[in-house]
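Right, one structure below, let's go through it.
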Amino acid sequence: MAEISTEQQLEKMREDWDQRARENARFYVNTASENWTEEEFFKSGELTVSEEILTDLGNICQGKPPGTMRVLEVGCGAGRVTRALAALFGEVHAVDVSGEMVRLAREALRDYPKAFVYQNNGRDLSVVPDLLFDFAFSSIVFQHIPSREIIENYVREVHRLLRPGALFKFQVQGDSTIETKPDDTWLGASFDERQTSDMAFRCGFEPRYRHGAGEQYFWLWFFKR
């Protein structure tokens with residue numbers, strides 16, 4: 001296959017996710033159902049927050065009341081998890097590469113005045129206000145990015161926006177048996193344990209915990225040093 005540039009990858013990510021949003025946004029955000037009702041779709045986001053946030057408040061909040069915290073979400077899709085985050089935390093800022101997904105997320109968050117959604121360029125967080133964030137989260141997002149370089153740049157950008165000591169909790173693709181093509185925006189680049197640790201240190205994080213190495217949902221806890 002001919003080489004593909006980073007700019008071509010980013011453009012394809014944007015085009016593919018716009019198309020998926022137009023076709024069946026809820027299914028492509030969470031493939032557990034092809035026919036989500038609105039209520040069921042956002043309930044699934046609440047379940048993610050219940051399982052991944054509420055069970056981990058010590059690491060996430062570090063003594064802060066959730067209602068006082070400013071939170072960053074990378075890859076918000078149609079706002080499935082964003083809305084649940086906005087119900088828990090004081091302020092939420094979220095980004096997505098797809099303008100169609102951003103439109104849907106903003107509609108889903110119309111009753112949450114302290115939730116802000118931005119379309120970004122697919123590799124950095126320059127559209128996000130230069131504020132200090134208390135926590136960053138990303139779920140079922142990096143598994144779709146075909147470039148480790150792009151993923152690492154996101155990690156570096158999150159580091160830039162987090163306050164010292166704050167946590168970035170996120171997933172990567174841990175199944176190294178998957179063959180990733182540079183123009184595939186569905187099956188993303190995989191990481192093993194060593195690669196995630198090296199990425200953490202290069203980006204200024206302490207990789208304190210991990211869960212699911214070798215699996216599709218490889219969770220990482222990166223604390224800003």
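PHE27 - would you say it is modelled with pLDDT of 95 or more and either touching a strand residue (DSSP E or B) at 6+ places or on another chain (Cβ under 8 Å) or aliphatic (A, V, I, L, M) (or both)? Criteria not met by PHE27.
Taken over the stretch 151-169, the criterion of being buried (at least 24 other Cβ atoms within 10 Å of the Cβ) and of a type outside the set (A, V, I, L, M) is satisfied by TYR154, PHE168. If the condition is being of a type in the set (Ser, Thr, Tyr) and either within 20 Å of ASP124 (Cα to Cα) or not in a helix (DSSP H, G or I) (or both), then the stretch 166-199 contributes SER176, THR177, THR180, THR185, SER190, THR196.
Checking VAL117, VAL128 one by one, the residue that is of a type in the set (A, V, I, L, M, F, W, C), in contact with a helix residue (DSSP H, G or I) (Cβ under 6 Å, 6 or more places away or on another chain) and not in a helix (DSSP H, G or I) is VAL117 and no other. Annotation: GLU73 fulfils all but one of (1) in a helix (DSSP H, G or I); (2) crowded, with 20+ Cβ neighbours inside 10 Å; (3) among the acidic types (Asp, Glu); the unmet one is (1). What number goes with the only condition from (1) closer than 20 Å to TYR28 by Cα; (2) part of a strand (DSSP E or B); (3) of a type outside the set (Asp, Glu); (4) over 15 Å from the mean Cα position of the chain (by Cα) that ARG163 does not pass? With (1) closer than 20 Å to TYR28 by Cα; (2) part of a strand (DSSP E or B); (3) of a type outside the set (Asp, Glu); (4) over 15 Å from the mean Cα position of the chain (by Cα) applied to ARG163, the lone miss is (1).
Does GLY99 satisfy the criteria of being surrounded by 23 or more Cβ atoms within 10 Å (Cβ to Cβ), of a type in the set (Gly, Ala, Ser) and either over 23 Å from PHE42 (Cβ atoms) or at pLDDT 95 or above (or both)? Against the criterion (surrounded by 23 or more Cβ atoms within 10 Å (Cβ to Cβ), of a type in the set (Gly, Ala, Ser) and either over 23 Å from PHE42 (Cβ atoms) or at pLDDT 95 or above (or both)), GLY99 does not qualify.
The values are calculated or read from the model by the stated rules, or taken from the named source; none is laboratory data. Note that the coordinates shown come from a computational prediction; the quantities given were computed from them, not determined experimentally. Here the Cβ is made from the backbone with ideal geometry for all residues, glycine too, and neighbour counts use every protein chain on show.
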